[in-house]
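To keep things clear, I will list the structure first and then write my remarks on it.
The values are calculated or read from the model by the stated rules, or taken from the named source; none is laboratory data. What you see is a predicted model; the values in this text were computed from it and never measured. No Cβ is skipped: glycine too gets one built from the backbone with ideal geometry, and neighbour counts run over all protein chains shown.
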Amino acid sequence: MNKALAPPTAAKPTVDDIIRSQRRTRYARGAFFTLLLIMVVWSVKVTVIDDTDWARIGSLANVLKATNRFIGIDFSLFPTLIGPAIETLMIACLGTLLGVILCIPAAWFGAHNITPYKPITYPLARLMMTLSRSIHEIVWALFFVAAVGLGPLAGVLALAVRSIGFIAKMTAEAIEDIDPGPVDAIRATGGNDFQVVIYGILPQVLPQVLSVVVFEWEINIRRSAILGLVGAGGLGLVFFRQMNTFNYHGVTTVILAILLLILLGEVFSYFARKAVI
Amino acid sequence: MNRALDRQPATPQREWSRFKFPGSLIKYGIWLSILVFLAYTVKYLDIPLDRLLGMFGRLGSTLANRYYPPDIEYIMDLDYLEYVVETIQMAYLGALFGLLASIPLGWFGSYNMTPSRLYVFPIARLISMGCRSVHEMIWAILFVTIIGFGMLPGVLALTFFCTGFAAKLFAEEIEAIDMGPVDAMRASGANLFQIMLFGVFPQVRVAFTGIAIYTWDVAFRAATVVGFFGAGGMGWYLKRNILQIETERVAAILLSIIFLVLISEVLSAWARARVMKMK
Amino acid sequence: MAVLEVRDLCARYSASGPEVLKGISFSVEADDFFAVIGPSGSGKSTLIRCINRLVNPSGGEILFYDREVTKLRGRQLRLLRRDIGMIFQEFNLIDRMSVMDNVLSGRLGYTGNLRTLFRAFPRDDIQHALNLLDQVGLLEFVDKRADELSGGQRQRVGIARALMQNPKLLLLDEPTSALDPKISREVMSLIKRMTTELKVPCLCNIHDVTLALEFCNKIIGLQDGKKMFDGPAEEMDQSMLDKIYEMEVL
Ligand SMILES: Nc1ncnc2c1ncn2[C@@H]1O[C@H](COP(=O)(O)OP(=O)(O)OP(=O)(O)O)[C@@H](O)[C@H]1O
Ligand SMILES: [Mg+2]
């Protein structure tokens, strides 16, 4: 039936043709993976095998013994954990909030349909987003600790700056995807730019943005739990102290506390996002 | 309102207000409590709001005086460049091992394709959540205390972190597939492994590649700092110079990190675009 | 001997949910082309999916060549499914694989894991696939990706894939509802021709009553999970159809 449609030159494939072409793809794939494997083995050799002080690690039994030290919970630590846990949570909240405020200009400049002057503001916003995301929160925290001193404020600032990238990027994408109809409608009734944003754009992107913010908040809990390592307050400081005093059970306890906090955050964010969408 | 209705039964006067009794009250209540909570938070954390603005001014002058000009020569040094290469290697090994581990973990942790919903599924989910929730810095510190300084703890830390990160995304991707081909494979008598290879994998291949690129991005960013606590790579340089208050060198190192991340971003954006086109 | 004997089949999708099939019995003989008709939601797909156990029945018996199959598990179940081909309404092809690989995927039940991993199917299977593709008229399309084909062509690939299994029974779940009327007829007659040639009995869900009357020799009418009619196609008349489809009008 379809033979009439096929190009007249197309030769009928035979079993041998097919087996041959299958074999060819298989060999090509095999060569690719072998190459990959060689590369991996090489870097494993350079980075892991040569670099590691195997004598210090000793036998597997030693490693297991070292791991074993961590198994156990230091109950005496509980009362001292509550304050830092609350602090961690609050740093995450404030950091996210500040991040949302800071990301407003970034999102506005970074959405190519509403950016004020495309050749300048658009790349500027993109640069802001990339800078914010490319520097690890630990580095940001160090930076702000140097600038505003030890304490939660440095953590809040670090999280805020680190959050700009993701929130602004998602918001800008949401704005780029909006339905232009309502915007035109507001313009048609004579609304100014501000009114266009409030009535035409905000209602359309709000659910998405809120869900992104809640998501980022959840991640920020995870981040704020370690900012204390460099002196920016919260559970990280307790972790650091336990580590320095070789109280390994205490270390495990702090990690479990962090996990609990993150779990709470996840549950909350699950329901919050459900309520938002 | 009732009287109005009595007088004009045909066209009742309609009243409208933005305020609807229980709904609006709850809404404003929530906003109010959020505000109160935030105010309390600021107080609890002892944040000096009045001095905040001044701090930014100081930050600017600090930047200008102490971090400028960055000591570019320092980062052009061969020793440092070697650390950069090590960082890259660490990142890609961590990402690779993490991805390898997260493929089965993502499969077992996907509700539709897991071998057993009762046992395997929750265990896989728990493992991936655990790996993901512990911050890469904590993984690094733990591995450093267990096996000492070097790149191995860095690679291990990144592996655990990437495993958790990618496993969740993989699982979500598998849960979103079209079950039609899976049904067709099941109906032809294929076993679970064959169903994965023929019914599932072709559908998620492109998405998996995208996720793998994304994982690389995240791993590379993390690799620049795991060295901070002795787990190899350029993080160690950063820490040393910060401790010695060599601010101009710190600025140079930060610049090099930003530069590398930018390159990696551009490359992965390009790769992702290629992959999407392959679809 | 009956190929398939179904007795008092009941099915539900969840323990507390409504019963979707309420005691269906019928039997398919070796040379039957059986049609299952009924309004939407009457349980046609469920019935067909119970037979190869894509849906687990909650009660009743299914005898396939005198073998009770409702309790099979694991390898035994896969061996049963290998003997029963299935063609789907939405084709269910693997979109990103070539036509050849799609057809070969019908052989998975006969293929080991290692061969599956490298897609190294035996020579005989490839020959068989080429023959089938020739018969459905798609020989020129072997290397095309499945998502580049038209609906009718895709369903032909689906037919070839199902016949690749050397099935002892063919299940068809509305094989033509996603196609336009002309192509529908072509595809149906192709299925009819090939299954008669290969002597494969068929059980076919079908929405379109005229197609059912034209191609099938026996008909079951379902309504709301109950059997309303079971007999040769000639005995089906308008009043019976009205009775079967009365629910749909409401
Ligand atoms: N996966 C499922 N989970 C729960 N209920 C289902 C599921 N699939 C089908 N049902 C229900 O079972 C009943 C029968 O569905 P079935 O798909 O067998 O009908 P059908 O006769 O094939 O309809 P159609 O002609 O529309 O394909 C319907 O009421 C449907 O809602
Ligand atoms: Mg159906």
*Among the residues of region C:9-27, is any within 19 Å of C:Ala233 (Cα to Cα), more than 16 Å from ligand 1 (Cβ to nearest atom) and either more than 13 Å from chain B (Cβ to nearest Cβ) or without any contact (Cβ under 8 Å) to a residue 12 or more places away in the chain (or both)?*
yes
*What is the number of the single condition among (1) within 23 Å of C:Val6 (Cα to Cα); (2) away from ligand 2 (no atom under 15 Å from the Cβ); (3) assigned to a helix (DSSP H, G or I) that C:Ala212 does not meet?*
(2)
*Please name all residue pairs, on different chains or six or more residues apart, with Cβ atoms under 6 Å, provided the first residue is in region A:100-111 and is over 18 Å from A:Gln208 (Cβ atoms) and the second residue is polar (S, T, N, Q) and in a helix (DSSP H, G or I).*
A:Phe109/A:Thr121
*Does C:Leu79 meet the test of being of a type outside the set (Val, Ile, Thr), facing chain B (nearest Cβ under 9 Å) and either farther than 25 Å from B:Pro202 by Cα or away from ligand 2 (no atom under 16 Å from the Cβ) (or both)?*
yes
*asked:* Please go through (1) at pLDDT below 85; (2) touching a Lys or Arg at 6+ places or on another chain (Cβ under 8 Å) for A:Ala232 and return the number of the only condition it doesn't satisfy.
replied: (2)
*Using the structure shown, decide if A:Ile49 is free of Cβ contacts under 8 Å to residues at least 24 places away in the same chain, of a type in the set (A, V, I, L, M), exposed (fewer than 15 other Cβ atoms within 10 Å of the Cβ) and closer than 30 Å to A:Asn220 by Cα.*
no
_Could you list, ordered by first residue, the pairs with Cβ atoms under 6 Å in which the first is in region A:115-132 and in contact (Cβ under 8 Å) with a residue 24 or more places away in the chain and the second is part of a helix (DSSP H, G or I) and among the aromatic types (Phe, Trp, Tyr), at least 6 apart or interchain?_
A:Ala125/A:Phe109
*Looking at B:Leu78, B:Leu100, which one is within 26 Å of A:Trp42 (Cβ to Cβ) and within 11 Å of another protein chain (Cβ to nearest Cβ)?*
B:Leu100
_What's the total number of residues in region A:202-236 that are buried (at least 19 other Cβ atoms within 10 Å of the Cβ), within 13 Å of chain B (Cβ to nearest Cβ) and among the aliphatic types (A, V, I, L, M)?_
11
*Mind checking whether some residue in region C:178-199 is within 16 Å of ligand 2 (Cβ to nearest atom), farther than 27 Å from C:Asp125 by Cβ and in a loop (DSSP other than H, G, I, E, B)?*
yes
*Among (1) within 21 Å of C:Phe34 (Cβ to Cβ); (2) at the interface with chain B (Cβ under 10 Å from one of its Cβ atoms); (3) more than 16 Å from ligand 1 (Cβ to nearest atom), where does C:Phe88 come up short?*
(3)
_Being among the polar types (S, T, N, Q), touching a Leu at 6+ places or on another chain (Cβ under 9 Å) and under 19 Å from C:Leu198 (Cβ atoms) is the requirement here; does C:Asn52 meet it?_
yes
*Among the numbered conditions (1) assigned to a loop (DSSP other than H, G, I, E, B); (2) more than 28 Å from C:Ile244 (Cα to Cα), tell me where C:Ala15 comes up short.*
(2)
*What do you reckon, is C:Val187 farther than 18 Å from A:Lys12 by Cα, without any contact (Cβ under 8 Å) to a residue 60 or more places away in the chain, more than 16 Å from ligand 1 (Cβ to nearest atom) and of a type in the set (Val, Ile, Thr)?*
yes
*Residues of region B:190-199 being in contact with a helix residue (DSSP H, G or I) (Cβ under 6 Å, 6 or more places away or on another chain) and part of a helix (DSSP H, G or I), which ones?*
B:Phe193, B:Gln194, B:Ile195, B:Leu197, B:Phe198, B:Gly199
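Condition check ((1) more than 20 Å from B:Val261 (Cα to Cα); (2) not in a helix (DSSP H, G or I)) across all residues:
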| site | (1), (2) |
| --- | --- |
| A:Phe109 | yes, no |
| A:Asn113 | yes, yes |
| A:Val139 | no, no |
| A:Val145 | yes, no |
| A:Glu173 | yes, no |
*Of the residues that sit in region B:100-138 and are small (Gly, Ala, Ser) and part of a helix (DSSP H, G or I), which one is farthest from A:Ile219 (Cα to Cα)?*
B:Ala101
*Members of region C:152-177 found to be within 16 Å of ligand 2 (Cβ to nearest atom) and part of a loop (DSSP other than H, G, I, E, B), listed by number*: C:Glu174, C:Pro175, C:Thr176, C:Ser177
*Is there a residue in region C:34-43 that is closer than 18 Å to B:Asp183 by Cβ and either of a type in the set (D, E, K, R) or within 11 Å of chain B (Cβ to nearest Cβ) (or both)?*
no
*For the subset of region C:33-67 comprising residues that are more than 15 Å from ligand 1 (Cβ to nearest atom) and assigned to a loop (DSSP other than H, G, I, E, B), which member is farthest from C:Leu80 (Cα to Cα)?*
C:Asp66
*Assess whether A:Thr47 counts as being within 10 Å of chain B (Cβ to nearest Cβ) and in a helix (DSSP H, G or I).*
yes
*Restricting the search to region A:133-156, which residues are more than 9 Å from chain B (Cβ to nearest Cβ) and in contact (Cβ under 8 Å) with a residue 40 or more places away in the chain?*
A:Ala141, A:Val145, A:Leu150, A:Ala154
*Can you name the number of the only condition in (1) within 11 Å of chain B (Cβ to nearest Cβ); (2) without any contact (Cβ under 8 Å) to a residue 60 or more places away in the chain that A:Leu94 fails?*
(2)
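For every residue, the table says whether it meets (1) at pLDDT 85 or above; (2) within 14 Å of chain B (Cβ to nearest Cβ); (3) out of contact with any Ser or Thr (no Cβ under 7 Å at 6 or more places or on another chain).
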| position | (1), (2), (3) |
| --- | --- |
| C:Leu149 | yes, no, yes |
| C:Leu172 | yes, yes, yes |
| C:Met188 | yes, no, no |
| C:Pro201 | yes, no, yes |
*asked:* Can you say whether A:Glu266 is farther than 19 Å from A:His136 by Cα, assigned to a helix (DSSP H, G or I) and either at pLDDT 90 or above or of a type in the set (D, E, K, R) (or both), as far as the supplied structure shows?
replied: yes
*Within region C:176-205, can you find the residues that are surrounded by 19 or more Cβ atoms within 10 Å (Cβ to Cβ) and within 27 Å of C:Arg67 (Cα to Cα)?*
C:Ile191, C:Thr195, C:Val200, C:Pro201, C:Cys202, C:Leu203, C:Cys204, C:Asn205
*Go through region C:114-149 residue by residue and tally those that are without any contact (Cβ under 8 Å) to a residue 12 or more places away in the chain and assigned to a helix (DSSP H, G or I).*
12
*Filter region B:202-224 for residues that are without any contact (Cβ under 8 Å) to a residue 60 or more places away in the chain and either closer than 11 Å to C:Thr116 by Cβ or of a type in the set (Ser, Thr, Tyr) (or both) and give the result.*
B:Tyr214
